[in-house]
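The values are calculated or read from the model by the stated rules, or taken from the named source; none is laboratory data. The structure presented is a predicted model; accordingly, all values stated were derived computationally and were not measured. As a convention, Cβ positions derive from the backbone with ideal geometry for all residues, glycine included, and neighbour counts pool all protein chains shown. Just so you know, the surface numbers come from the protein's heavy atoms only, side chains and all, with ligands and any DNA or RNA stripped out. Shrake-Rupley method; radii C 1.70, N 1.55, O 1.52, S 1.80 Å.
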Amino acid sequence: MINYGHFIGGKHVPGTSGRYTDVFQPMDGSIRGKVALATKAELDAAVENAKAAQPAWAAVNPQRRARVLMKFVELIARDNDKLAEILAREHGKTIPDAKGDIQRGVEVVEMCFGAPMLLKGEYTDGAGPGIDLYSMRQPLGVVAGITPFNFPAMIPLWKIAPAIACGNAMILKPSERDPGVPMMLAELAIEAGLPPGILNVVNGDKDSVDAILDNPDIKAVGFVGSTPIAEYIYSRGCANGKRVQCFGGAKNHMVIMPDADMDQAVDALIGAGYGAAGERCMAISVAVPVGEKTADELVKRLIPRVESLKVGPSTDGSADFGPLVTAAHRDKVKGYIDAGVAEGAKLLVDGRNFKMQGYENGFYLGGSLFDHVTTDMTVYKEEIFGPVLCVARAKDYASAIKMVNDHEYGNGTAIYTRDGDAARDYAAKVNVGMVGVNFPIPVPLAYYTFGGWKRSGFGDLNQHGADAFRFYTKTKTVTSRWPSGIKDGASFVIPTM
Ligand code: NAD
């Protein structure tokens, strides 16, 4: 049994609260270990430690900070198999998918190698007589990241790398459901040469999150998770004067136009709908075929593909997807399928009774497929976060884009078509933050920014790309006048150009 404490000041420390929660192994339903849940006092002590360490780290030049990240990437590559194994065992996703989770995180660390360029300020020589004007980006101090269960490597790395590249110290509060990978990343960062106290992992639940939100020495909070918690963290963090960005839940639609390449569209829906058992904020959960003929053709092709999905334990590299994260989450997803049936959606493939031979206690569901889903149904309105695809038919393109724009979430979307006019119009007019054209999971690459609209995102700046460097720094602008010999007396009028 693994006993996770915290990682503070460069070393593992046990929890002192006496409160723990179980960490499961979803593929067989066993308890893998337990994780300590921090108190406010433990969180505050970690912040004190980080606050003491941060000024010296901020004084290290950006190139040298970037070199620590370069070494960090080397060590993640060295230990990739071990990280992927822990990730798959605690989360449930397959090992190849776990490696993808790590890799998408690493790509953001690599982007941060450019810190010396990204942190450059501006300079105007001779803005007035003897006057030069320049700006600089300075770190905020201590910042916090609060992350979800579904990408236990990628999202912590999206928080850690830009925050520390900018010269901050970080308190990471990962999901209590799969803390193993974040804890190991913190160890690797120390091995890479990061000074103790710059990256701290404090495990916990609502108590530690509230302690983060109320600690005056934490200057910024980056959150990723469900929308109700995102809203809560955004409002409490902002009320306490912090810089806050919160990325929430999603309901991602894929519009299939009558002229789409149907083979491509079906492959996209199968991969983006059921990969990682649908536990992705960029999963496609609603297919919107345009016109009855398109819908009938799509559904006819989807049914055998969903029926033949290969569900397997996380250690089976040939499985399409593995179990869900917990029994409670599996039961919640099952409850959504029950609600869809009760509200009149047509369940074409029913994954509720799937049992994995030899792993009967694992948290599995087979793939499910609904047709004739309408916008008033719970399965349409709410995020299911499971291996369930809903087909919501649209009579024409205008009703398809209206459906997407009217949904409360606006994380990602895709359109499949051979018509450049339709694709261009969709990309321009859809009220969603990340758009794919004949591309199902449009997660932008590290050097672009990632963020949803509407109730999928709260705050002004996105994750990674140039926005990350804006979020984790504050801008200072200096107006200086040389030579020192100028003496033009006191002026009572505001200076102008
Ligand atoms: P969650 O909201 O339950 O948990 C996220 C974090 O918040 C965890 O660290 C958790 O400990 C903490 N938390 C949970 N309840 C809390 C409470 N009452 N008060 C304070 N903190 C609390 O989310 P999850 O189930 O771990 O992750 C799945 C969700 O995350 C989905 O909704 C998914 O769409 C979303 N997500 C969004 C993005 C994105 O970029 N928009 C990316 C990944 C996941």
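What you get for the range 206-328, charging only the Cβ of Lys and Arg (+1) and of Asp and Glu (-1), is a dipole of about 380 debye around the Cα centre. Positive end of the dipole of the range 259-380 (Cβ unit charges, origin at the Cα centre): among V349, G362, Y336, the Cα lying farthest that way belongs to G362. Taking the helices alone, the chain has a mean residue ellipticity at 222 nm of -12000 deg cm²/dmol, built from -39,500 (n - 2.57) per DSSP H run of at least 4 residues and averaged over all its residues. Here's how it looks for I146: its modeled amide H is under 5 Å from those of K173, G222, F223, V224, which are all 5 or more places away or on a different chain.
Can you tally the net charge around S285? Count Lys and Arg as +1, Asp and Glu as -1, for every other residue whose Cβ sits under 12 Å from the Cβ of S285. Local charge sum for S285: 0.
Taking a sphere under 12 Å around the Cβ of E343 and counting the other residues whose Cβ falls inside, with K and R at +1 and D and E at -1, yields a net charge of -1. Which aspartates and glutamates have a Cα less than 18 Å from the Cα of K310, not counting those fewer than 8 places away in the same chain? Here the aspartates and glutamates satisfying the reach criterion relative to K310 are D28, D97, D267, E279, D320, D350, E360.
Placing pseudo-labels 7 Å out from each Cα toward the beta carbon at E292 and Q357 gives an inter-label distance of 4.3 nm. Computed 3J(HN,Hα) for the range 261-277, one whole-Hz value per residue from the Karplus formula 6.51 cos²θ - 1.76 cosθ + 1.60 where θ = phi - 60°, is 6, 5, 5, 4, 5, 5, 4, 4, 5, 5, x, 7, x, 10, x, 6, 6, glycine and proline marked x. With θ taken as phi - 60° and the Karplus curve 6.51 cos²θ - 1.76 cosθ + 1.60 applied, the whole-hertz 3J(HN,Hα) list for the range 202-212 is 10, 7, x, 10, 4, 4, 6, 5, 4, 5, 4 Hz, x standing for glycine and proline. Remark: the N61-D267 segment gains 69.4 nm on full extension, using 0.36 nm per residue and subtracting the alpha carbon distance. Remark: spin-label model distance T16-K346 equals 6.3 nm, labels positioned 7 Å along the Cα→Cβ axis.
Against the main long axis of the alpha-carbon atoms of the chain, helix 180-191 sits at an angle near 30°. Amide H contacts under 5 Å for A260: R418, restricted to partners 5 or more places along the chain or on a different chain, H placed in the peptide plane at 1.01 Å from N.
If R0 is 25 Å, the Cβ-Cβ spacing of N240 and Q138 corresponds to a FRET efficiency of close to 0.75.
Within the same chain, aspartates and glutamates fewer than 8 places from K487 are excluded, and of the rest, those with a Cα less than 20 Å from its Cα are D132. Ordered from highest to lowest accessible area with the whole protein assembly present and a 1.4 Å probe, Y4, Y234, Y20 read as Y20, Y234, Y4.
Most tightly packed first, judged by the mean number of other beta-carbon atoms within 10 Å of their residues, the peptides 343-356, 369-382, 240-253 read 240-253, 369-382, 343-356. Available extension along the chain between D331 and K120 is 70.9 nm, counting 0.36 nm per residue and deducting the alpha carbon span. Residues whose amide H lies under 5 Å from that of G457, counting only those 5 or more places away or on a different chain, are G248; hydrogens are built 1.01 Å from N in the peptide plane. Peptides 440-451, 316-327, 284-295 ranked from most to least packed, by the mean per-residue count of other Cβ atoms within 10 Å: 284-295, 316-327, 440-451. A Förster radius of 35 Å combined with the Cβ-Cβ distance from A428 to E408 puts the calculated FRET efficiency at roughly 0.95.
Taken along the Cα-to-beta-carbon direction at a fixed 7 Å, the label points for E48 and K82 span 3.2 nm. Please report the net charge: other residues with Cβ closer than 13 Å to the Cβ of D81, K and R +1, D and E -1. Local charge sum for D81: +2.
For V299, the solvent-accessible surface computed with a 1.4 Å probe is close to 10 Å², ligands and nucleic acids excluded. Think of each Lys and Arg Cβ as +1 and each Asp and Glu Cβ as -1; about the Cα centre, that makes the dipole of the chain roughly 1140 debye.
For the cross-link pairs K173/K474; K120/K173; K34/K82; K34/K173, the ones whose C-alpha atoms lie over 21 Å apart are K173/K474; K120/K173.
Positive end of the dipole of the chain (Cβ unit charges, origin at the Cα centre): among S235, M497, V306, the Cα lying farthest that way belongs to M497.
Each peptide in 142-149, 40-47, 7-14, 121-128 receives the mean, over its residues, of other Cβ atoms within 10 Å, and ordering these scores from highest gives 142-149, 40-47, 7-14, 121-128. For the Cα atoms of the chain, what angle does the longest principal axis make with the long axis of helix 40-59, in degrees from 0 to 90, nearest 10? Value to nearest ten degrees: 60.
The phi torsions of the range 398-404, fed into the Karplus equation with coefficients 6.51, -1.76 and 1.60 and a -60° offset, translate into couplings of 4, 6, 5, 5, 5, 4, 5 Hz, rounded to whole numbers, with Gly and Pro shown as x. Projecting the Cα atoms of S318, G128, A52 onto the dipole axis of the chain, where Lys and Arg carry +1 and Asp and Glu carry -1 at the beta carbon, places G128 farthest toward the positive end.
Within a straight-line Cα-Cα reach of under 22 Å, K402 can be paired with the following lysines, leaving aside sequence neighbours fewer than 8 residues apart in one chain: K251, K293, K381, K429, K454.
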